[in-house]
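The block underneath contains the structure these notes are about, expressed in structure tokens.
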Amino acid sequence: MSAGLTADDPLKQRRAFAEDLARAAGRKARTFFVHRETLVTDVKTSSQDLVSQADRTVEALLRRAIRRQFPEDAIVGEEDVPVAGRSGYVWVLDPIDGTMPFLVGQPNWCVSIAIGRNEQPVAGVVYAPVLRELYSAVEGGGATLNGAALRVNPDWTLASTNVGFGATQKATVEETAAFVAGLYREGGVLFRVGSGALMLSYVAANRLAGYYDPHISSWDCWAAMAIIREAGGRAEFSGDLHRPGRLWAGNERVIADLKRLSGEPG
């Protein structure tokens, strides 16, 4: 367990465990990454939506550890069926967010672990092993990157720096083109690295002004949503634990502009 673990605070206890678990999962995933040419991959919904032996093995590692430590917690993950719980807590897992970057040798992939309560993420850990960056947050306790506090810039606009865009082949050509055209007309520049969790974490770290995704699942975003909110930003998700939806993130002004550009009623 991480230092500072307190038995009388169940949420902080889980966040500390999640940090250790993300590092362990990251080490396992990085072993696969070094030997990625040996991995067998399967197509899920499209040629850009893949799953590999690494994804499945790392998620199994995460699930086993959580079940041992918190047997009454629920678990929802990208690669396996949900597990019901009785504690009121749910773990939301993406073992390798950014499978395509992972498979082609890019460093921009991560392990994403969220802890939810009352249908909302209340703690999150995003760990990028190759980049050696650990983003972490717990409700009421702030957000950090490798231990340093994060705070979203409240004055930024769409044109202050790049804007993350999560559109995959699940978005239509028309809605994708309309959003990109509108963003560039207003002085923005698009940014994409193939990992929603990582791009959202970049919002919390002021590396991106904001982020928009027309179709994202809870395991891709819940952990980073907690991090953004604890960094003083906003993250609005139209989906839920089991249903994908649209997602907007940034400060108040950036979210309003992203929603307008994406055709969302004010």
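Quick note: the coordinates plus some simple rules give every number you see, no bench work behind them. Note that the structure is a prediction, hence the values are computed from the model and not measured. FYI the Cβ positions are ideal-geometry reconstructions off the backbone, even for glycines, and counts take in every protein chain you see.
The table below lists the values:
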quantity: Chain lengthening between V104 and V34 when straightened (0.36 nm per residue, less Cα-Cα); calculated: 24.1 nm
quantity: Region 10-149: relative contact order as a whole-number percent, Cα under 8 Å and 6+ apart; calculated: 22
quantity: Computed over the chain: relative contact order in percent, which uses C-alpha pairs under 8 Å that are six or more apart; calculated: 16
quantity: Distance between region 206-266 and region 94-173 - C-alpha centres, whole angstrom; calculated: 11
quantity: Given 11 as the ceiling on other Cβ atoms within 10 Å, longest exposed-site-free region of the chain for trypsin sites (Lys or Arg not before Pro) in DSSP loops; calculated: 133-266
quantity: Gyration tensor (Cα) of the chain, equivalent ellipsoid semi-axes in angstrom; calculated: 28, 22, 17
quantity: Mean projected area (nm²) of the alpha-carbon convex hull when region 10-149 is viewed from all directions; calculated: 8.3
quantity: Region 148-230 - percent relative contact order, Cα under 8 Å, separation 6 or more; calculated: 41
quantity: The chain, helix-only ellipticity at 222 nm - DSSP H runs n ≥ 4, -39,500 (n - 2.57), divided by all residues, nearest 500; calculated: -11000 deg cm²/dmol
quantity: Debye log10 I(q)/I(0) for region 164-266, one point scatterer per Cα, at q = 0.23 Å⁻¹; calculated: -1.33
